[in-house]
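J.: My questions all concern the structure below.
The values are calculated or read from the model by the stated rules, or taken from the named source; none is laboratory data. In this text, all values refer to a predicted model and were calculated from it rather than measured experimentally. Backbone-built Cβ (ideal geometry, glycine too); neighbour counts: all protein chains shown. In case anyone asks, the SASA skips ligands and DNA or RNA and just uses the protein heavy atoms, side chains included. Shrake-Rupley method; radii C 1.70, N 1.55, O 1.52, S 1.80 Å.
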Amino acid sequence: MPEIHDAVTVIATKRDGHALTDGQIDWVIDAFTHGSVHAEQMSALAMAILLRGMNRREIARWTAAMMNSGERMDFTHLRRDGKKLKTVDKHSTGGVGDKITLPLAPLVASFGVAVPQLSGRGLGHTGGTLDKLEAIAGWRADLTNDEIVAQLESVGAVICAAGATLAPADKKLYALRDVTGTVESIPLIASSIMSKKIAEGTGALVLDVKVGSGAFMKSEADARELAEIMVELGNQAGVHTSALLTSMSEPLGLTAGNALEVAESVDVLAGGGPPDVVELTVALAAAMLDAAGITGVDPADNLSNGKAMDVWDAMIRAQGGDPRAPLPVAAESEVIRAQTAGVVETIDAMAVGVAAWRLGAGRERQGEAVQAEAGVKLHVSAGDRVAVGDPLFTMYTGTPQRFAAGSAALAGAAVIGSTAPQARSRVIDRVTVNT
Ligand code: URA
């Protein structure tokens, strides 16, 4: 006899603190994807999961059910010069100024590994990789599966939109979570990310799990738990998965905003750029190359010798963009200056992310347009000395009435005191299957 399920019983099971059965999970994801479990019912279930949690069996089943709601891509047949190409991808749980995918994908591909980076758009204070790349004139995010395969075989790196057929249950559920205060649930974040990444068909995956004020996970313990669950889910599904725990208490690099972040990424590809962006790019590249079985190389070499830049140029051109075209520049800018002298002790990542978003770099609702030129440039980093009147931030926007909201977000974002903070690596720890 097939099991009969109904939404209210599934919600009540979780509301009362019980584990969902495999049958309940498969049914509710399928019924939600096809519309017979309604948005208000799924929202209630998401809130029950956020409050009550899920055990590892439930998370694995929920992930598999979301992955099975759409197609699973297969890159095992990729070839270049008659030889099989390995695939490796990176996913970040999201942070402020996190432009790492832009230099990282071409850098890893420059070592002969294929990088299929299926990405999303930004929502709220964290930027989206596709929004950033769309600042480049002519660049196209939407590729067919055949175009993705052809580009991986010829160029090695693809950054493009995840198609509608990839984990559609997650697309619907994420949109609901975003408006119902149910994003910050470890089981829901882990299953959301891993259902897409496993469906994407990569052979190996390195997760960049952010921790700090600008991240979903504010504590190291939560970030570690999220990383461990995702590493387990990936490896159980046959994807060689590891994670780096990295700090997101301060913005990454000196820019937040689409065109500003592209320009900073190009600086990194040219062998320059802010030290923290370079450090994290190289650390993630090393982990990705290791996962693909490439050892004994220093990823930094291909930033300084131009090989990563060559792949970037080819990748942008293959998707219709002109890598040499000037990036959009905001018509209006306003500088925020130090009111006191001293040492910059911290810069609040969340404040900078919210400011960039309010200036027009991000969207409040799905589907809204973003301003390519809007954002925030930081003139200082933690540890720098400032005098009264020194510039701390420059805000950019095409709509000057947004400056008030941007300055309100940045008020107090740079804490100026007398104690220089200790220089710390962005990388806190590495999480692998056996840790
Ligand atoms: N990114 C995702 O793809 N899903 C989440 O739930 C959170 C971050």
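J.: Tabulate in residue order the Karplus-calculated ³J(HN,Hα) for the stretch 392-406, using 6.51 cos²θ - 1.76 cosθ + 1.60 with θ = phi - 60°, rounded to whole Hz; enter x for Gly and Pro.
T.: So the J values, rounded to whole Hz, are 9, 9, 10, 9, 10, 7, x, 10, x, 5, 7, 4, 4, 5, x.
J.: Right, something else. Hey, what do the phi angles of the stretch 238-252 turn into as Karplus ³J(HN,Hα) couplings, whole Hz, using 6.51/-1.76/1.60 and θ = phi - 60°, x for Gly and Pro?
T.: x, 9, 5, 10, 9, 9, 10, 8, 10, 7, 10, 7, 10, x, 8
J.: Any idea how far apart THR399 and GLU225 come out in nm if each label point goes 7 Å out from Cα toward Cβ?
T.: A separation of 3.9 nm, rounded to one decimal place.
J.: Which percent, nearest 5, of DSSP beta bridges in the chain are antiparallel?
T.: The antiparallel proportion sits near 55 percent.
J.: Okay, moving on. Top to bottom by accessible area (1.4 Å), largest first, where do ARG57, ARG363 land?
T.: These residues rank, largest area first, as ARG57, ARG363.
J.: I'd like the carbon and sulfur percentage of the solvent accessible area for the stretch 157-313, probe radius 1.4 Å, heavy atoms only, ligands and nucleic acids excluded.
T.: Numbers: 2570 of 4570 Å².
The nonpolar share, carbon plus sulfur, comes to 56 percent.
J.: Could I ask something else about it? As a test question: what accessible area, to the nearest 10 Å², does ILE25 have when a 1.4 Å probe is rolled over all protein chains in place?
T.: Around 0 Å² of this residue is reachable by solvent.
J.: So what are the radius of gyration and Dmax for the Cα set of the stretch 178-226, in Å?
T.: Rg then Dmax for the stretch 178-226, in Å: 11.9, 34.
J.: Still on this structure: Carbon and sulfur atoms: what percent of the 1.4 Å accessible area of the stretch 13-86 do they account for?
T.: Of all accessible area on the stretch 13-86, carbon and sulfur atoms account for 51 percent.
J.: Mind checking which of THR129, THR76, THR419 has the largest fluctuation in a GNM of the chain, springs on alpha carbons under 10 Å?
T.: Answer for the Gaussian network model of the chain: THR419.
J.: Once the mean 1/r over all distinct Cα pairs of the chain is inverted, what Kirkwood radius in angstroms do you read off? Kindly include the intermediate steps, with their values, before the conclusion.
T.: On the way: mean 1/r = 0.0449 Å⁻¹.
Hydrodynamic radius (Kirkwood, Cα only) of the chain equals 22.3 Å.
J.: Just how much of LEU205 is accessible, in Å², when a 1.4 Å probe is used and the result is rounded to the nearest 10?
T.: Only protein atoms counted, so the area is about 0 Å².
J.: In square nanometres, what is one fourth of the surface area of the convex hull spanned by the alpha carbons of the stretch 215-369? Walk me through the numbers before you get to the answer.
T.: On the way: hull surface 52.7 nm².
Answer in nm², one decimal: 13.2.
J.: For the stretch 362-435, what is the convex hull volume of the alpha-carbon atoms per residue, in Å³?
T.: Expressed per residue, the convex hull around the Cα atoms of the stretch 362-435 is 178 Å³.
J.: Take the Cβ-Cβ distance between HIS34 and ARG424 as r, set R0 to 51 Å, and report the resulting FRET efficiency rounded to the nearest 0.05.
T.: 0.60
J.: Now for a different question. Output the pairs from LYS86/LYS132; LYS171/LYS210; LYS171/LYS196; LYS86/LYS197 with a Cα-Cα distance over 19 Å in this structure; if there are none, say none. Kindly include the intermediate steps, with their values, before the conclusion.
T.: Numbers: LYS86/LYS132 27 Å; LYS171/LYS210 22 Å; LYS171/LYS196 9 Å; LYS86/LYS197 16 Å.
In this structure, LYS86/LYS132; LYS171/LYS210 lie more than 19 Å apart at Cα.
J.: Taking a 25 Å limit on the Cα-Cα distance, which of the listed pairs LYS90/LYS218; LYS218/LYS307; LYS90/LYS172 fall beyond it? Each step should come with its number before you reach the end.
T.: Numbers: LYS90/LYS218 21 Å; LYS218/LYS307 37 Å; LYS90/LYS172 23 Å.
Too far apart for the 25 Å limit: LYS218/LYS307.
J.: Under a 1.4 Å probe, what is the accessible area of the stretch 90-168 per residue, stated in Å²?
T.: I get 25 Å² per residue for this part.
J.: Which angle from 0 to 90°, rounded to the nearest 10, does the C-alpha axis of helix 56-67 make with the longest principal axis of the chain?
T.: Approximately 80 degrees, to the nearest ten.
J.: Scan around LYS90 for amide H atoms under 5 Å from its own, H built in the peptide plane at 1.01 Å from N, and keep only partners 5 or more places away or cross-chain.
T.: VAL206
J.: In nm, to one decimal, how far is the modelled label at VAL297 from the one at GLU71, with both set 7 Å along Cα→Cβ?
T.: Label at VAL297, label at GLU71, 3.0 nm between them.
J.: Return P(r) of the stretch 194-305 (all Cα-Cα pairs; 5 Å bins starting at 0; whole %; ordered from short to long distances).
T.: Reading the bins upward from 0: 2, 11, 17, 18, 20, 18, 11, 2.
J.: Next up: Can you work out ³J(HN,Hα) from phi for every residue in the stretch 253-263, in order, using Karplus 6.51 cos²θ - 1.76 cosθ + 1.60 and θ = phi - 60°, giving whole Hz and x for Gly and Pro?
T.: Coupling constants for the stretch 253-263: x, 10, 9, 9, x, 5, 5, 4, 6, 5, 4 Hz.
J.: Follow-up. Can you figure out the FRET efficiency of ASP146 with LYS84, using R₀ = 22 Å and their beta-carbon distance, to the nearest 0.05?
T.: 0.70
J.: Would you list GLU184, GLU373 from the most to the least accessible area, probe 1.4 Å?
T.: GLU184, GLU373
J.: Rg and Dmax in Å for the stretch 139-238, alpha carbons only: what are they?
T.: 15.2, 43
J.: I've got another one for you. Just for the Cα atoms in the stretch 58-170, what are the lengths along the principal axes, largest first, rounded to whole Å?
T.: Result for the stretch 58-170: principal-axis Cα extents of 41, 35, 22 Å.
J.: I want the antiparallel fraction of DSSP beta bridges within the stretch 179-322, as a percent rounded to 5.
T.: 0 percent
J.: Could you tell me what a quarter of the Cα convex hull surface of the stretch 290-349 works out to, in nm² with one decimal place?
T.: 9.2 nm²
J.: Listed highest first by mean packing, meaning other Cβ atoms within 10 Å per residue, what order do 168-181, 324-337 come in? It would help to have the intermediate numbers written out before the result.
T.: Numbers: 168-181: 18.4, 324-337: 14.5.
In descending order of packing, they fall as 168-181, 324-337.
J.: Determine the order of HIS34, HIS125 by accessible area, beginning with the largest, at a probe radius of 1.4 Å.
T.: The residues order as HIS34, HIS125, largest area first.
J.: Cα to Cα, under 19 Å, and not fewer than 8 places away if on the same chain: which aspartates and glutamates meet these conditions relative to LYS84?
T.: ASP74, ASP146, GLU147, GLU153, GLU200, ASP290
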